[in-house]
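Inspection log for the structure reproduced underneath, given as structure tokens.
Where a number appears in this text, it was derived from the coordinates with a stated rule and is not lab data. All values derive from a computational prediction rather than experimental measurement. Every residue, glycine among them, receives a Cβ derived from its backbone with ideal geometry; neighbour counts consider all protein chains shown.
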């Protein structure tokens, strides 16, 4: 009797152990992603809504079973804009079996690019710095680079300037590679035939009053100021231009200066900082904005509502950026599974490289189709010009491709 | 000539705001010989309190402004009571290290609120049309900044020169043990110095926030931006903060107006104040108005 009980116990334990170990297979596979970004510290005004976008889209993918039984686990860690912390997060994620990395800052991506290449992991950064595409073949920019956006506003000026002669422009840039690299591409576009007269390059500091700068630019006949920096210095510049009566409220208004800028100079944060002084500011990005009616706005706001985000986050283009980064990763996994392949870093990399032609990916959040290949690491290559009108950004014309920059 | 006068006006405006921001450093150093590294965070905190009271609670902005100064007055006093009171008599470097820790704590607290990573601007409450005279213009925000700075600096100067508590604070600054021997409560003086620094920081934060918009990184960085002003004026001199602030403001505006963009120069407005600071310190190591202490060995 005792022997029978023991045998029975062994059978029960074996079955239980078998069930326990087979449980993950029943629940479906879990794909490990990772994201490191500045939720606090410098640039967290962009990083915070970006992280919420990633979090919400991953939850959405899991909730709506985009991958069927499979799930995505994407831990999001704050790196406070410090490269050393990003590296530590990245290595921790690798230890957890990460197959796709969502990264953030230009500097951290440049520093980690050799690591990305070494471990052969696909990466979507929040930075749209064009140098990243050269730094590692595993970095895929979601939209047009800062350079493309900056040259985009410049091309718009060259094409639409109504005054006599060549338009006179000044560059107002961040005193770092983030500001300087697009300016170098601007000069390359000039050399390639873009007709603009670059009168002065201003690398800004922390100025409380830009009267001297603005009056100097006006005395040199500058008609357009093209900004490549973050919102805060642009807001101060716009406030001073409004005070001095120099800010154009319509494009190319005679006797005034039209202020324009690329990606991180604009968005609702600029309006929040500059208030009415932001009226007439022109801005390029490849994202849709929620101040324009369309299915993208409905979808973005519905997502924000579903995951209980506040209005500011819901209408932030950085929230859209985060969602689109996660969308690309999820889509790559979905397509890899659909092709019947095992989802690994290598197969995801191949899937991304095949995202072109009739396999191009279309997201509601961007103004064009997203294409990648072995030689194309920039997803959406079109840019859209927006202008602040009655306190919100409105589209100006249709999205366009650049003539002087490939 | 209009251009020149515009630069002078802009320089005075910027200098006044620098002076007000620097005042918090001076007030604490004057009484306790401590440099408060967390001053930028208190400036930012003051600005956010004004916004929260105005937008979230719906108070008129003028009342929010005064209320913010009162709140930071007590907050700064509490900070001194909780974190720094125990360090009286300890080496100054220990106290400065605590203020570095305090900076991290305040950063963390602010990041827990929406202000840590969101941008805001105050509701418009002043006319947007600037005041112009002979082609020289100044915005109402800037004018208000200059007026508030003048009032606060005048009030603090009077306080330190004429009031009993102010004189007690100067006595503590000169010699803590001697001050205690004549019945002055050193802990009370330290608490009051921190409280007044908090009050001035809130005023500075509200004014800067009205010019730049409310961005934590920008506002918090002001603690460091005004550091050359504090050093140039002399760490323990209120009038020094004013003079140095205006000097720095004028240098920046003239550099931006006459040097930048010419002869291949750029960014001189950011560098020149530091060069001049170094030159002046070569001849006046305690700053323009700082106390020259003679140590007898």
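Structure values in brief
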read-out: Footprinting exposure proxy for B:286, A:148, A:174 (fewest neighbouring C-beta atoms within 10 Å first); value: B:286, A:174, A:148
read-out: Proxy reagent accessibility, fewest Cβ within 10 Å first, across B:50, A:388; value: A:388, B:50
read-out: Normalised contact order of chain B, rounded percent, pairs of Cα under 8 Å and 6 or more residues apart; value: 36 percent
read-out: Dimensionless Rg over Rh [the stretch B:52-124; C-alpha; Kirkwood]; value: 1.09
read-out: √(5λ) per eigenvalue of the Cα gyration tensor, the stretch B:150-254, largest first, Å; value: 29, 16, 12
read-out: Largest-first principal axis extents, alpha carbons of the stretch A:138-294, Å; value: 47, 36, 33
read-out: Expected 222 nm ellipticity per residue - DSSP helices of 4 or more, -39500 (n - 2.57), all of chain B, to 500; value: -22000 deg cm²/dmol
read-out: Helix A:2-27 vs. chain A, principal-axis angle (Cα, 0 to 90°, nearest 10); value: 20 degrees
read-out: Ellipsoid equivalent to the stretch B:2-283 - semi-axes via the Cα gyration tensor, in Å; value: 31, 23, 18
read-out: Efficiency of FRET between residue B:5 and residue A:82 - r from beta-carbon atoms, R0 60 angstrom, step 0.05; value: 0.85
read-out: Cα centroid separation, the stretch B:231-278 to the stretch B:24-43 (Å); value: 22 Å
read-out: Distance histogram for the stretch B:218-297 (every C-alpha pair counted, 5 angstrom bins, percent rounded to whole numbers); value: 3, 16, 20, 22, 17, 11, 6, 3, 1, 1, 0
read-out: The stretch B:1-18 and the stretch A:195-211: distance between their alpha carbon centers, rounded to Å; value: 18 Å
read-out: Burial order of peptide ranges B:275-285, A:222-232 (average beta-carbon count within 10 Å, highest first); value: A:222-232, B:275-285
read-out: The protein assembly as shown: projected area of the alpha-carbon convex hull, averaged over directions, in nm²; value: 41.1 nm²
read-out: Rel. contact order, % - alpha carbon contacts under 8 angstrom, at least six apart, the stretch A:116-234; value: 27 percent
read-out: Under the Debye formula (equal points on every Cα, no solvent term), log10 I(q)/I(0) of the stretch A:150-211 at q = 0.14, 0.15, 0.29 Å⁻¹; value: -0.43, -0.49, -1.27
read-out: Choice from B:269, B:19, B:155 showing the highest fluctuation, given a GNM over chain B with Cα pairs closer than 10 Å; value: B:155
read-out: Sorted by Cβ neighbour density within 10 Å, fewest at the top, the residues B:243, A:153, B:182; value: B:182, B:243, A:153
read-out: Sum of -39500 (n - 2.57) over DSSP H runs of 4+, divided by residues of chain A (222 nm, nearest 500); value: -14500 deg cm²/dmol
read-out: Inter-label distance, nm, simple model (7 Å from Cα along the C-beta direction), residue B:74/residue A:71; value: 4.7 nm
read-out: At R0 = 35 Å, FRET efficiency that the Cβ-Cβ distance of residue B:159 and residue B:88 yields, to 0.05; value: 0.95
read-out: log10 of Debye I(q)/I(0), alpha-carbon scatterers only, for the stretch A:219-260 at 0.20, 0.22, 0.27, 0.33 Å⁻¹; value: -0.58, -0.70, -1.00, -1.24
read-out: Rounded tilt (10° steps) of A:44-63 against the dominant C-alpha axis of chain A; value: 40 degrees
read-out: FRET efficiency estimate (nearest 0.05) - Cβ-Cβ, residue A:346 to residue B:124, R0 51 angstrom; value: 0.35
read-out: Compactness of the stretch A:119-224 as Cα Rg over 2.2 N^0.38 Å, two decimals; value: 1.26
read-out: Highest-MSF residue in chain B out of B:177, B:74, B:48 [GNM, Cα springs under 10 Å]; value: B:177
read-out: Peptide-level mean, for B:112-118, of C-beta atoms on other protein chains within 10 Å; value: 5
read-out: Mean Cα-pair separation over length for the stretch B:196-275, i.e. relative contact order, pairs under 8 Å, 6 or more apart, %; value: 17 percent
read-out: Candidates B:249, B:191, B:89: whichever shows maximal mean-square fluctuation once chain B is modelled as a Gaussian network with Cα springs under 10 Å; value: B:89
read-out: Label zone at residue A:111, where the point sits 7 Å out along the Cα-to-Cβ direction: the stretch A:31-52 residues whose backbone N lies under 17 Å; value: A:35-44
read-out: When chain A is reduced to its Cα atoms, the Kirkwood hydrodynamic radius in Å; value: 22.5 Å
read-out: Globularity ratio of the stretch A:256-406, using Cα Rg and 2.2 N^0.38 Å; value: 1.16
read-out: 10 Å Cβ neighbours from other chains, averaged over peptide B:254-260; value: 4
read-out: Shielding by partners - mean other protein chain Cβ count within 10 Å, residues of B:135-145; value: 2
read-out: Gain in span if fully extended, residue B:271 to residue B:185, counting 0.36 nm per residue against the direct Cα distance; value: 26.7 nm
read-out: Size descriptor, Kirkwood hydrodynamic radius, that averages inverse alpha-carbon separations across the stretch B:1-47, Å; value: 12.4 Å
read-out: Alpha carbon centroid spacing (whole Å) that separates the stretch A:38-85 from the stretch B:145-176; value: 50 Å
read-out: Kirkwood Rh, Cα atoms: Rg over Rh of the stretch B:153-199; value: 0.97
